[in-house]
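**Student:** Dropping the structure in here first, questions after.
The values are calculated or read from the model by the stated rules, or taken from the named source; none is laboratory data. From a predicted model like this one, the values you see are computed outputs, not experimental measurements. Cβ atoms come from the backbone with ideal geometry, glycine included; neighbour counts cover every protein chain shown.
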């Protein structure tokens, strides 16, 4: 199969997935509730406490990139349930007998999830403007933020697809998804710096892909934001994990129907 055919199959599946969102635009409004609560309540309260060292940034500004990454994570981590629904409806069986490579099927879903994640970026930027939080709107940095939103959303949605291929039932998948989201979120630098963590939590944070997404978003979104790992390292780590997950999920994909 040529690279053009591969890309055509990938974008075709992504377009099918995006059509679901176009038919239900109200979903975008419901996604605004959780980040609004974090910024309007949690951020405002902890900003008054001033107990978390955030350098030259006020706490609410420090928190904005972390809440963006958290919003992307919480949506993407449950994306895999679509595979189980498709299996029950007989759609997945038709996809698996098509000539499209398994990798293209996985990448198509990941790309769709990445585009869906951009809605969270729009919501967070709008909330930041309402709260008069000073973010960096330089074109190059905004493009970088878009890239890391898509990459992070694609990574966690692919991880979700891999979990769905293994557990195979909706009930078990939802239980595992709920178990995974909190450790990934709290063992990251989303709402406090890594330097503040105990040693064992710091070790987990350094292998947590969410930490690298937050680190890059913080460096790109905030004027005084500084990357702990380096934006190049953040991108390389996320791309490496994403590539591994795509290859793994492509191998697991047929197992959903067995």
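**Student:** Name every residue in region 36-71 that is within 21 Å of residue 228 (Cα to Cα) and part of a helix (DSSP H, G or I), in order of residue number.
**Tutor:** Kept after step one, since they are within 21 Å of residue 228 (Cα to Cα), are these residues of region 36-71: 51-70.
Across region 36-71, the qualifying residues are 59, 60, 61, 62, 63, 64, 65, 66, 67, 68, 69, 70.
**Student:** Restricted to region 178-223, and to residues that are loosely packed, with under 14 Cβ neighbours inside 10 Å and under 22 Å from residue 124 (Cα atoms), which residue is modelled with the highest pLDDT?
**Tutor:** So the residue we want is 182.
**Student:** Please verify whether region 243-250 includes one or more residues that are under 30 Å from residue 133 (Cα atoms) and crowded, with 16+ Cβ neighbours inside 10 Å.
**Tutor:** Among the residues of region 243-250, not one is under 30 Å from residue 133 (Cα atoms) and crowded, with 16+ Cβ neighbours inside 10 Å, which makes the answer no.
**Student:** From the list 113, 119, exactly one residue is under 22 Å from residue 36 (Cα atoms), within 11 Å of the chain's Cα centre (by Cα) and surrounded by 20 or more Cβ atoms within 10 Å (Cβ to Cβ). Which is it? Don't jump to the end; show me each part of the working.
**Tutor:** On the way: 119 fails: within 11 Å of the chain's Cα centre (by Cα).
Answer to the check: 113.
**Student:** Something else: For region 32-41, which residues satisfy the criterion of being closer than 15 Å to residue 192 by Cα and touching a residue at least 40 places away in the same chain (Cβ under 8 Å)?
**Tutor:** Across region 32-41, the qualifying residue is only 39.
**Student:** Let me ask something else. Quick check on residue 140: is it in a helix (DSSP H, G or I), free of Cβ contacts under 8 Å to residues at least 60 places away in the same chain and farther than 22 Å from residue 42 by Cβ?
**Tutor:** Values: in a helix (DSSP H, G or I): yes; free of Cβ contacts under 8 Å to residues at least 60 places away in the same chain: yes; farther than 22 Å from residue 42 by Cβ: yes.
Judged against the criteria, residue 140 is a match.
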